[in-house]
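Everything below concerns the one structure shown next.
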Amino acid sequence: MDLDFIRKAIPMYQEAAFLVLRLGWIGIIFAFIIGLIVSIVRYYKLPVLSQFFEGYIELSRNTPLMIQLFFLYFGLPQVGIHLSAEVCGILGLTFLGGSYFAEAIRGGLESVPNIQMESASGLGLSNTQTFLYVIFPQAIANSFPSIGANIIFLLKETSVFSAIALADLVFVAKDIMGLYYKTNEALFLMVTTYLVFLLPISLLIHFIERRLRFAGFGN
Amino acid sequence: MQDSGINILFEGQNLQRILEGLGQTVFVAIISVVLSFILGLLVGMLMTSRNIVVRFVTRLYLEVVRIVPVLVMLYILYFGLTRWTGIHIDNRVIAIFVFTFWGTAEMADIVRASVTSIPKIQWESGQALGLTAGQLYVYVIIPQTVRRIVPPAINLATRMVKTTALLPLIGIIEVIKVGQQVIEVSVKDYPSASFWIYGLIFFLYFIVCYPLSKLSKKLELKWQE
Amino acid sequence: ACGAGATNDSSEGSVANIEDKTTVDTIKENDVIRIGVFGDKPPFSYVDANGDNQGFDVEISKKIAEDLLGDSSKIEWVITEAANRVEYLETGKVDLMMANFTVTPERAEVVDFANPYMKVSIGIVSPEGDVITDVSQLEGKQLIVNKGTTAEAYFRENYPDIELLVYEQNTETFQALLDGRGAALAHDNTLIFGWIKDNPGFVAGVEAIGNEDTIAPAVAKGDTALSEWVNAEIDTLNESGFIAEAYEKTLAPAFSSDIDPASVLINQ
Amino acid sequence: MARVRRGEETLESPILKLKHVNKYYGETQALADIQLDVAKGEVVTIIGQSGCGKSTALRCINGLEQIQSGSILLDGKEIAAAGTSWKEVRQKIGMVFQKYDLFPHMTVLDNVLLAPLKVQKRKKEEAAEEAIALLKRVGLEDKAHSFPRQLSGGQQQRVAIVRALMTHPEIMLFDEVTAALDPEMIREVLNVILDLAKDGMTMLIVTHEMAFAEAVSDKIVFMEKGNIVEISEDPKAFFTQPQSQRANEFINTFRFQ
Amino acid sequence: MARVRRGEETLESPILKLKHVNKYYGETQALADIQLDVAKGEVVTIIGQSGCGKSTALRCINGLEQIQSGSILLDGKEIAAAGTSWKEVRQKIGMVFQKYDLFPHMTVLDNVLLAPLKVQKRKKEEAAEEAIALLKRVGLEDKAHSFPRQLSGGQQQRVAIVRALMTHPEIMLFDEVTAALDPEMIREVLNVILDLAKDGMTMLIVTHEMAFAEAVSDKIVFMEKGNIVEISEDPKAFFTQPQSQRANEFINTFRFQ
Ligand SMILES: Nc1ncnc2c1ncn2[C@@H]1O[C@H](COP(=O)(O)OP(=O)(O)OP(=O)(O)O)[C@@H](O)[C@H]1O
Ligand SMILES: Nc1ncnc2c1ncn2[C@@H]1O[C@H](COP(=O)(O)OP(=O)(O)OP(=O)(O)O)[C@@H](O)[C@H]1O
Ligand SMILES: [Mg+2]
Ligand SMILES: [Mg+2]
């Protein structure tokens, strides 16, 4: 392997990693908010909205992010909506992640036993208070493992951002392979970069998961 | 413009080629999914082993698979293997191998989570009846894990179908690639080519994946009672 | 006839090295040649609506097969991507790379190029109202390029400060210019000339910059038997006018009429 | 036990009054024309087979279920009608369920302070002081900062009782609070309830512990299939020779030979 | 109950014999020098506080836990040593746990046929015939094709007993089989066990139902903290005036004033 080359290429990967993290986190936060709203609507089975969101979930989960991005980026301008690549990336991740989070959180909500709600309302808590203080914290704790898995999954999904000219890690690696033919170096750097930022996140998720378990959740 | 654009689908062999591309996608995905499910079942049981070494090795396997992108695995195996050993293996075999390697790890984790959620009393009452470890798994544990495994497993299956978009890198021309070929050739005559072709592909993925998630919902409901 | 002559040359060569067989022998033995091309880069190499490989690169490839194996259909087409062309050659998964491969020093280190069959220069196209006529005008603006092309390499190397917007597909690259995502687009000038013909409102403000590059067949590093055979073949095809015919058949209809074939073809 | 005091208070109007209460789940009638008075300081125990409607009765009183007809009066005020402010009513009624109703993500102290702070908007220090005092009374002051899963089932139930007491209810409802516990734990929870009875707390209890019911109650209500079959003001007599044949059969379930 | 027969059989060597059995979980000693004989046809009941080691004793006998020292003899043969063929031993021992131990994905019939068919490789018709006869005996022949979740807790436990009986065990172990049940269900399960006792089945029972223990047992074993504190061959006497002070305190847990 060409160490000189690796040294020169590192900044490109750094930049890509920052881009992925920046867009990734914004997208994940939005996706989480969407997921939260959708899961609450579906949990309380609000009419119409609930069916609408079910359609959204099916559409989002059963189609590839790449195609979703193509539509946002190349499709929308045809009807006069121009969004920057970064905005499209964030929107795409939000659209995809929203459904994954929605299902994860709904699982958590449904795992909260009925008796918890009854004893809360038995104490005189309003519906909102019951949700805020009793149901939600338990639901999040119960669904945290799948929320964590989805965070990692979404961060890795950013690798299709190159389809809309965003310089993600795969993009940089392919670029280096296509222009300089340093395949080994390109792939090595790509795996290393993923490792460097995914591993701490993965460890952090495991750590939080344990804390939640030991704090008394889920018995 | 967009009204006539739909004709692009019927020009020449376009539609047939796109469906053939879908065939490649589905071929790789189905075989990988089936193999992953079978192997994942075995590895998943290993993950619940009391042996610390076995647990560590399987855990490491899972973490590696989660962190190394599928794209890198495809590249390393398809080109790297030939480079180091001189052996040429058909790219679809490589694809199936890599997808299975990845899917097995994910599936195993699903199986592990579900096996560990079976109450201890189920193992013990099986043992108390004199069942061997193998019989316990086959007759008691596995059948009970199925209902917990199906939803996440189907989720995994749809993710595998969607990840086939990486295959052109090792020369497998799957549905998106065919679509792009068609677009490049016809964009001159049909400026809205991308819209129609990507629309069709969007729809095709949906009809491949949607029945799966529908099935999972059905089974989930059925087993809830 | 010339093609046949070239075939004889190489078979003599193989007789001399009977111990270790050359690629040319192996190809003949297999009675099929594996050629790497693009599937989505019209008019150079693409797959048409009937699923057949077409284009300038493909025409030349077919002729090579005909002269080497006596039948233009004895080709196993391998559809490559810009990023994996060298891997295909290095691992021996293709015999000959004809995927519009621009000769660059970096690439020459890892593969062997045969004699070129085409010239290419980079052009820059921009909207009429805001024409870019000099590279210096691009400072602080975004330039659209297609991934893996000479244009991308050229700007990365020589103008690292110009911000590039890089797209994977040709269509997307031009679509991005139409959508106004960048100030200008840099690409092979031949393609640009063709494109502005169909898209009024855009002009090629810069018709050619940088060195004139050449496009050539490539073989695995050290595969001298095959590269020598291809060298001779390309020379023959240039002289016999076959390449000019291929140009007329595939490129000319896509380019605007004011392009001089001499700016694209070698030895014209 | 509280029977002594009951005599003094029969003149007052009952704190809780159920009149002709009917409750259906779809086709099945869970409560049929229930009539029941609970006087201040009185301890009333409901017994009967599984599915006879004991829980349903408590749940209707606490507004967890809607009744179809009849009326429920608390302090003389109708609470089963539309427009009832359940938030207020529920502060006057404390309810304890079977195990597992503590909030697992909160410490013991947070559990018992939730309603005083969020519903009644009381001052934190003052409420905490009372909470600690009550926890001390049930022998759990050292567990204030533990999480529910760190407690035994019996300890959890004692915390649940404290939680219900924190809103200063006028009446306490207990629904098989010892059903999921081991004998010693059953005993420690029942001791707390006996203690409350001595203090004059008005209580409506559902239990399968017959010896306990006999000891704690002023009044035994025997239900079957949604109906009240027998009401006895003399628990001892009821358990030795109940008047209805059904009650006799039921009590026999607990005897061998 | 079975006490009559026990007299006739004291001359025989015991069917089950525990000698100096010690069992540790890490630091905590769950069983301390346990000595116990169970004769053929005898019904032995183990009682004691939660955590005193009752379940552990049954689990060690059935090989679900390893003991650290001592020996366990079944029919005079050591079964706690390395190399024991548990598959064979477990066919001689039937065990029933707390609720929820039926296999939820199999019908009642499949549950009870699993061991005869897969472990003992018996013929399907013959085993099914016996299964139906046994289900009939516990009053559940019409539930043969139901799934466990369609049964009440008491019905489930009766099926579990049938499942254990299907391998023709020489001794049955019952570990708090009624702990999770309602009173009537408790009664229906205990009736089945009383019935088995009448038939001369050798049984080792762990229960918190004192009235039942008194009625069914030939011998009461009272444990505390892993030790056997008192063994009484006269259950009636034990429950009215146990000899040890600890046993007395324990029994008081079940009395109210
Ligand atoms: N949510 C519900 N939906 C439909 N039917 C119900 C519901 N809750 C209770 N029932 C029915 O109402 C009747 C009374 O039930 P309830 O829970 O009050 O009995 P219970 O006396 O408390 O029994 P247990 O001793 O088992 O707790 C039963 O027939 C029961 O099946
Ligand atoms: N798997 C285990 N690991 C560690 N300690 C254990 C384990 N199982 C039981 N113990 C401990 O061994 C002791 C005896 O437990 P055991 O379950 O035999 O009690 P028990 O008499 O059956 O109680 P219960 O009436 O609650 O069922 C207890 O101190 C318990 O905490
Ligand atoms: Mg109830
Ligand atoms: Mg036990």
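The values are calculated or read from the model by the stated rules, or taken from the named source; none is laboratory data. The shown structure was predicted, so the numbers you read here are calculated from the model rather than taken from an experiment. Cβ atoms come from the backbone with ideal geometry, glycine included; neighbour counts cover every protein chain shown. Heads up: the accessible areas ignore ligands, DNA and RNA and are worked out on the full protein's heavy atoms, side chains in. Shrake-Rupley method; radii C 1.70, N 1.55, O 1.52, S 1.80 Å.
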*How about segment D:163-181: which of its residues are away from ligand 3 (no atom under 16 Å from the Cβ) and within 12 Å of chain A (Cβ to nearest Cβ)?*
D:R163, D:A164, D:L165, D:M166, D:T167, D:H168, D:P169, D:M172
*Are there any pairs, at least 6 apart or on different chains, whose C-beta atoms fall under 7 Å, with the first in segment A:117-129 and in contact (Cβ under 8 Å) with a residue 40 or more places away in the chain and at the interface with chain D (Cβ under 7 Å from one of its Cβ atoms) and the second in a loop (DSSP other than H, G, I, E, B) and of a type in the set (D, E), and if so, which?*
none
_Looking at the structure I just gave you, is D:L165 more than 16 Å from ligand 1 (Cβ to nearest atom) and among the aliphatic types (A, V, I, L, M)?_
yes
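Can you work out which of the residues in segment A:81-109 that are assigned to a helix (DSSP H, G or I) and among the polar types (S, T, N, Q) is nearest to the other protein chains (Cβ to nearest Cβ)? Please lay out each step first, then the result.
First, pick out the residues of segment A:81-109 that are assigned to a helix (DSSP H, G or I): A:85-109.
Keeping just the survivors that are among the polar types (S, T, N, Q) gives A:94, A:99.
Values: A:T94: 17, A:S99: 10 Å.
Per the stated criteria, the residue is A:S99.
Condition check ((1) in a helix (DSSP H, G or I); (2) more than 10 Å from chain A (Cβ to nearest Cβ)) across all residues:
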| residue | (1), (2) |
| --- | --- |
| B:I176 | yes, no |
| B:G179 | yes, no |
| B:P191 | no, no |
| B:Y198 | yes, no |
| B:S216 | yes, yes |
| B:E220 | yes, yes |
_Pairs please, first residue from segment B:16-30 and closer than 13 Å to B:V182 by Cα, second anywhere and open to solvent by 50 Å² or more (accessible area, probe 1.4 Å) and part of a helix (DSSP H, G or I), Cβ atoms under 9 Å, 6+ apart in sequence or on different chains._
none
*Can you name the number of the only condition in (1) more than 16 Å from ligand 1 (Cβ to nearest atom); (2) of a type in the set (S, T, N, Q); (3) open to solvent by less than 10 Å² (accessible area, probe 1.4 Å); (4) out of contact with any Phe, Trp or Tyr (no Cβ under 6 Å at 6 or more places or on another chain) that D:N62 fails?*
(1)
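Given the structure, is D:T240 surrounded by 21 or more Cβ atoms within 10 Å (Cβ to Cβ) and on the phi < 0 side of the Ramachandran plot?
Judged against the criteria, D:T240 is not a match.
Of everything in segment D:19-59 that's of a type in the set (V, I, T), within 23 Å of E:E184 (Cβ to Cβ) and open to solvent by less than 40 Å² (accessible area, probe 1.4 Å), which residue is farthest from ligand 1 (Cβ to nearest atom)?
Step one: filter segment D:19-59 for residues of a type in the set (V, I, T), giving D:21, D:28, D:34, D:38, D:43-47, D:56.
When the remaining residues are screened for being within 23 Å of E:E184 (Cβ to Cβ), the result is D:28, D:34, D:44-47, D:56.
In the following step, the residues that additionally are open to solvent by less than 40 Å² (accessible area, probe 1.4 Å) were identified as D:34, D:44-47, D:56.
Working: D:I34: 11, D:V44: 15, D:T45: 13, D:I46: 8, D:I47: 9, D:T56: 3 Å.
The qualifying residue farthest from ligand 1 (Cβ to nearest atom) is D:V44.
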*Only residues that are open to solvent by 80 Å² or more (accessible area, probe 1.4 Å) and either modelled with pLDDT of 85 or more or touching a strand residue (DSSP E or B) at 6+ places or on another chain (Cβ under 7 Å) (or both): list them for segment B:49-84, please.*
B:R50, B:I52, B:V53, B:R55, B:F56, B:V57, B:R59, B:L60
*If you go through segment C:226-250, how many residues are of a type in the set (A, V, I, L, M) and touching a strand residue (DSSP E or B) at 6+ places or on another chain (Cβ under 9 Å)?*
3
*State the number of residues belonging to segment C:33-54 that are in contact with a strand residue (DSSP E or B) (Cβ under 7 Å, 6 or more places away or on another chain) and either without any contact (Cβ under 8 Å) to a residue 24 or more places away in the chain or farther than 17 Å from C:Q169 by Cα (or both).*
8
_Looking for something away from ligand 4 (no atom under 16 Å from the Cβ), in contact with a His (Cβ under 8 Å, 6 or more places away or on another chain) and within 30 Å of E:Y24 (Cβ to Cβ) - is there at least one such residue anywhere in segment E:98-121?_
no
*Which of the residues belonging to segment D:149-162 are open to solvent by less than 10 Å² (accessible area, probe 1.4 Å) and either modelled with pLDDT of 95 or more or within 26 Å of D:K87 (Cβ to Cβ) (or both)?*
D:Q157, D:V159, D:A160, D:I161, D:V162
*Being open to solvent by 30 Å² or more (accessible area, probe 1.4 Å) and in contact (Cβ under 8 Å) with a residue 60 or more places away in the chain is the filter here, so list the residues in segment B:150-188 that pass it.*
B:P151, B:N155, B:L166, B:I173
_Looking for something closer than 28 Å to D:F254 by Cβ and in contact with a Gly (Cβ under 9 Å, 6 or more places away or on another chain) - is there at least one such residue anywhere in segment E:151-159?_
yes
*Just wondering, is there one or more residues in segment E:198-216 that are among the hydrophobic types (A, V, I, L, M, F, W, C) and over 29 Å from E:D33 (Cα atoms)?*
no
*Filter segment E:81-103 for residues that are open to solvent by less than 60 Å² (accessible area, probe 1.4 Å) and part of a loop (DSSP other than H, G, I, E, B); which is farthest from the other protein chains (Cβ to nearest Cβ)?*
E:A81
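Take D:E78 and tell me if it is under 30 Å from D:S244 (Cβ atoms), of a type in the set (D, E), open to solvent by 20 Å² or more (accessible area, probe 1.4 Å) and more than 16 Å from ligand 2 (Cβ to nearest atom).
Details: under 30 Å from D:S244 (Cβ atoms): no; of a type in the set (D, E): yes; open to solvent by 20 Å² or more (accessible area, probe 1.4 Å): yes; more than 16 Å from ligand 2 (Cβ to nearest atom): yes.
The answer is no for D:E78.
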*asked:* Return the residues of segment D:129-148 that are open to solvent by less than 20 Å² (accessible area, probe 1.4 Å) and either under 24 Å from A:L125 (Cα atoms) or outside any loop (DSSP other than H, G, I, E, B) (or both); say none if nothing qualifies.
replied: D:A131, D:L135, D:A144, D:P148
